[in-house]
Each structure stands twice: as structure tokens, then as C-alpha cells.
Amino acid sequence: MTHWFHRNPLKATAPVSFNFYGVATTPAATKVCNDLRLSRTRLLELFTDSSCNPEMMKNATDLYFSLLQGFILSLDDSSQECKLRYIQNFKWTDTLQGQVPSAQQDAVFELVSMGFNVALWYTKYASRLAGKEDITEDEAKDVHRSLKIAAGIFKHLKESHIPKLITPVEKGRDLEARLIDSYIIQCQAEAQEVTIARAIELKHNPGLIAALAYETANFYQKADQTLSTLDPTYAGKWRKYLNLKTCFYMAYAYCYHGQTLLASDKCGEAIRSLQESEKFFAKAEALCKEYGETKGPGTTAKPSGHLFFRKLGSLIKNTLEKCQRENGFIYFQKVPAEAPQLELKANYGLVEPVPFEFPALNAHWTPETLAAFDLTKRPKDDTAKPKPDEEVKPLKEPDIKPQKDTGCQIS
């Protein structure tokens, strides 16, 4: 089974020089600033480098975040705030609200914004890998793990760092709870798609597959409900995707539940379950068209033409025809008017985020290095206003088109 995932654009940011002339009074302090500038630039380059892999990303993020922590953490493990936290202005756009940037003179804002982009990169890496033709078992595991890592990063930002921001998060912005929660849930749901594909490939019990599909549909529905109060101008396309996947996996759940009922000689109920599966598949098909026609941030695609969609349609049709044949020859059972209630609970295969922590403080940050930053020598007109050269340019993301018949659209 192949996968197709909706992806929102990466966040863009203004360049940061970390040039504190006069403030950084020793070579060691100047070196830390130079290392920050270079490691930040390198990390931003990797976000749009299609050859970047998780090991490269982890090395780059560990270096930058370990250096950035020197602007946030107290060196003596006290609760006292680092004197450098508010020395630099940072400017970031949003995944949904286009190139309208937010600016804060706060290193924690930089930490959570860059961390958010790192999580997005893992989702895009997973999407890119899932689009490969003849994906291997190891690659499928990488897709699964990357989505769980992304969920873990989003979760850690929400619980441990976003609450530390001095400036309240603006409504509808990336760092707001509704958006973070939706990203977390979507990552979990997509990782479970990989689990379901694996279960189908290995011909696991249809009851397990039905339960996993039902749980996955509920994840997508929950993510959609979380976004329901956002402006549809920004979230409309994303919500169409979540609705589409909800119906798609409800169709899967009823299809495999029907197989379970047939195996238990409940052919009439099996037919009704397959009929319900057909209904949800038809809804998903209609939503595919709406998704393609909806303007807004994110992937441009025609999901109903993808292999993952067509395969389910054939499976439902063939399974329903089999049930109807069996009922006509063997069971002669009445088909219930009401669809069976799905009270399915998966005991295996449910996805939890991989716990994430930012790296420890870089060894270059010593008490002597920190003391070498003399804030009394800052220019008197230094304010939080963005400098003229701090233009925010959109990130040019790799234009990766799906290979022939992979069934995937990669963002």
C-alpha cells in the first residue's frame, strides 16, 4: 500500500547575523556568535535539501540548539533568567498565514519556531520517503519513526517551551494549542496508516485491521474538530484532507469489519457493513474533488486518482460482491437496515509520540564566555524593531513529483 499525505508549507524566517559588536568582548564570545550564525544558516539550508536524512538533520539541530540554549539557560542551573534571552530579534512566518511574519525579541521564540520547523521537516521527509516506488521494509520503518519523532517534537514544544513565551501566542498562529494539537494528532494518524499497510501486507486478522482503521479515522476526526474554530480561509484545505482521511479509514474499518462478520457466518450483517463502507468511500471520493478545488496552503493534488484510493475502492467492491454471492448460495440472511455499530478497540499498533528533549548546553558556553557579553555596551537606540535587511523570504521547498503509479503526492 502506498500513502498520500497533505503537507503545509515550512515556516520562513529572516536572516540573523548574531553580530553583537562591542557587546561580545572576547574571542570566545565572538566565536559562539559566529557558530550560532553558521549553524542556523546550515540548518535552514537542510530544510530544503532533498538529500538530507534524519542523521544529518539531528546533527545540525543538536549543534544549533545546544548553542542557542546559551541565550536561554542559566549556567548555574538556577531559575534565574539568562541575561542574553532578549538581546536578539527573531522573525518567523506561519505555515497557514502565508508570508505575514511575527517578530519577538526572545530566544525562546526562536527555539520553538525553529523546533516547529524541524518537526515539519520530519513529516515532509516521511512523506517524501513514502512516495518512493517499491518502498522497502526499512524505509517504511523510517516513515513510521519520522512521524512519531515529529509528534514528539510538537508535543514537547507545547508542554515545555511555548508556555515560557513572554508575548502571548496569537490566535490562529502555529504556536497556538489548536494548531499544535492538530499537527500531533495528524502525525499519529499517518504513522498508523503505515501500521495498517503493514498489517494488510502480512495478512493479519481482519478484526485487528478494522480496529486500527477505526482508531485512525477517529484520530483524523479529532484533528479536524480541533481546527473547526479556525478561519476557513487558512485551514479549509487542511480540514478537507482530515475529513477525507476520516471517511477513507471509516470505509476501511467497515470493509474489514465486514470480513470479520463473514468469517463468523454473519453474512447479512457483513453485507450491511460493506454497504456502509461503500457510503464512506463515496463521501471520501466527493471530498477528494473538494480538496483539489479548495484554495489555501498545502499540497495540490487529485487524491482520488492515487493508487492508495483506487485500491480501497476495488477491495470494497470485490468483498461486497463476495458477501452477496455467499448470501445467495449459502446463508440467505436478511440484511439489517441499520449499519453495525463499530465498537472496535485496537490492542496493538497504536502510535505514541517519541519523547523529545532539546540537547544539553554546548560546551563552549562557560561562565567566562557568558560574562564576556557586556550588555551595557549595547547601542542606545537598540530596539525590537526589525532591521531593514531582515526580509523574510519563502523557503524554496524541493519540487518532488511522485514517481509513476506510486499513489503519492509529495510536498
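Spin-label model, Ser314 to Ser160: label points 7 Å out along the Cα-to-beta-carbon direction sit 4.6 nm apart. Protection proxy ranking, highest mean first, for peptides 244-253, 190-199, 169-178: 244-253, 190-199, 169-178, where packing is the per-residue count of other beta-carbon atoms within 10 Å, averaged.
Can you figure out the FRET efficiency of Asp374 with Gln80, using R₀ = 30 Å and their beta-carbon distance, to the nearest 0.05? Taking R0 as 30 Å, the efficiency between Asp374 and Gln80 is 0.95. Scanning the chain for DSSP H helices at least 27 Å long along the axis (C-alpha atoms) with a Kyte-Doolittle mean no lower than -1.0 picks out 27-47, 107-130, 137-156, 177-201, 206-227, 232-263, 267-293, 307-326. A full extension of the chain between Glu397 and Gln341 corresponds to an added length of 15.8 nm, given 0.36 nm per residue minus the alpha carbon distance. Pairs from the table (Lys31/Lys83; Lys124/Lys158; Lys31/Lys377; Lys141/Lys396; Lys132/Lys345; Lys158/Lys203) lying more than 30 angstrom apart at Cα are Lys132/Lys345; Lys158/Lys203.
Could you give the length gained by full extension between Gln99 and Glu133, i.e. 0.36 nm per residue of separation minus their alpha carbon distance, to one decimal place? All intermediate terms of the calculation are to be shown ahead of the outcome.
Values: separation 34, 0.36 × 34 = 12.24 nm, distance 3.39 nm.
Working it through step by step, the gained length comes to 8.8 nm.
Treating each Cα of region 114-163 as one equal point scatterer and applying the Debye formula with no solvent, the log10 of I(q)/I(0) at q = 0.26, 0.27 Å⁻¹ comes out as -0.87, -0.91. His204 to Asn53: FRET efficiency via 1/(1 + (r/R0)^6), r the Cβ-Cβ distance, R0 25 Å, to the nearest 0.05? My answer for the efficiency is 0.25.
Relative to the present Cα-Cα distance, how much length would full extension add between Ala286 and Gln333 at 0.36 nm per residue of separation?
Numbers: separation 47, 0.36 × 47 = 16.92 nm, distance 3.19 nm.
Gain on extension, Ala286 to Gln333, equals 13.7 nm.
For Glu137, neighbours were defined as the other residues whose beta-carbon sits under 13 Å from its Cβ, and their charges (Lys and Arg +1, Asp and Glu -1) total -1.
Ranking Gln99, Ser74, Thr61 by Cα position along the charge dipole of region 54-107, where only Lys, Arg, Asp and Glu carry charges on their C-beta atoms, puts Gln99 farthest toward the positive end. What the Cα convex hull of the chain gives, in volume per residue, is 142 Å³. Taking packing as the residue-averaged number of other Cβ atoms within 10 angstrom, the listed peptides 90-96, 228-234 run from highest to lowest as 90-96, 228-234.
Within the set of other residues whose C-beta is less than 13 Å from the C-beta of Ile162, count the net charge using Lys and Arg as +1 and Asp and Glu as -1.
Values: positive: Lys155, Lys158, Lys164, Arg173, Arg178; negative: Asp106, Glu110, Glu159, Glu170, Asp174, Glu176, Asp181.
Overall, the nearby charge balance is -2.
Calculate for the chain the 222 nm mean residue ellipticity that helices alone would give, adding -39,500 (n - 2.57) per DSSP H run of length 4 or more and normalising by residue count, nearest 500 deg cm²/dmol.
-18000 deg cm²/dmol
For region 112-251, the equivalent ellipsoid derived from the alpha-carbon gyration tensor has semi-axes of 28, 18, 12 Å in decreasing order. A Cβ-based charge dipole, computed about the Cα centre of the chain with Lys and Arg at +1 and Asp and Glu at -1, lands at about 800 debye.
Taken together, the values in this text are just the output of simple stated rules run on the coordinates, not laboratory data. Because the structure is predicted, anything quoted here is derived from the model rather than measured. Because the Cβ atoms are built from the backbone with ideal geometry, glycine has one as well, and the counts that use them run over all protein chains shown.
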